[in-house]
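Beneath this line is the structure, given in structure tokens, with notes to follow.
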Amino acid sequence: MSLFLVQHGKSLPPDIDPERGLSEEGISEVEIIASMAKSHGIGVASIQHSGKKRAQQTADIFAIALNPKGGVEERNGINPMDDVEPFARGVNVKDNVMLVGHLPFMERLVSYLITGSTDRPVIKFQNGGIVCLEQDPYTQIWIIKWTLLPHIN
């Protein structure tokens, strides 16, 4: 099955919103990507987020579009500076799961799953974009299957 990794949408600066919720641009971009994911038939069993306001708002927008049976829930261990290795060791993707989090965690997680090292960048995330990873059931090797990003640049 697949692991869908999403960096939260663009957020407000802390002087405007100390909790750094999504900006209007961030909401709009996430809604567009969520709609595109739905139109491509992407299905997820659950959406998990870090608990930070911007991640929860992003997860909620995706949930409206994708309607996961398992709903939306907070997940520990995926904050920006959390160690990716314990999370990666516990990844069990028997169902499609979407994870909504932050940099540098998300980029470091992909690097670790693909190369075995957090210090070998393999992809550049964009706010609100999706990076789909898939694990080969026989070799257990992770690959980047596709990406859906708000901007090509």
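A few remarks follow.
- A count restricted to the stretch 24-46 and to residues that are farther than 18 Å from Phe125 by Cα and buried (at least 18 other Cβ atoms within 10 Å of the Cβ) stands at 3.
- Any hit, the stretch 74-87, residues being part of a loop (DSSP other than H, G, I, E, B), more than 28 Å from Pro18 (Cβ to Cβ) and of a type outside the set (Gly, Ala, Ser): no
- Among all positions in the stretch 115-126, there is no residue which is within 15 Å of Ser2 (Cα to Cα), touching a helix residue (DSSP H, G or I) at 6+ places or on another chain (Cβ under 8 Å) and surrounded by 14 or more Cβ atoms within 10 Å (Cβ to Cβ).
- Of note, Val110 satisfies the criterion of being in contact (Cβ under 8 Å) with a residue 60 or more places away in the chain, assigned to a helix (DSSP H, G or I) and either at negative phi or buried (at least 17 other Cβ atoms within 10 Å of the Cβ) (or both).
- Note on the stretch 60-90: among residues that are aliphatic (A, V, I, L, M) and over 15 Å from Val44 (Cβ atoms), the one that is surrounded by the fewest Cβ atoms within 10 Å (Cβ to Cβ) is Met81.
- Looking across the stretch 1-23, just one residue is surrounded by fewer than 20 Cβ atoms within 10 Å (Cβ to Cβ) and in a strand (DSSP E or B), and that is Ser2.
Coordinate-derived values only; no laboratory data. Here the structure is a predicted model, which means the values were calculated and not measured. Cβ coordinates were reconstructed from backbone atoms using ideal geometry, including for glycine residues, and neighbour counts include every protein chain displayed.
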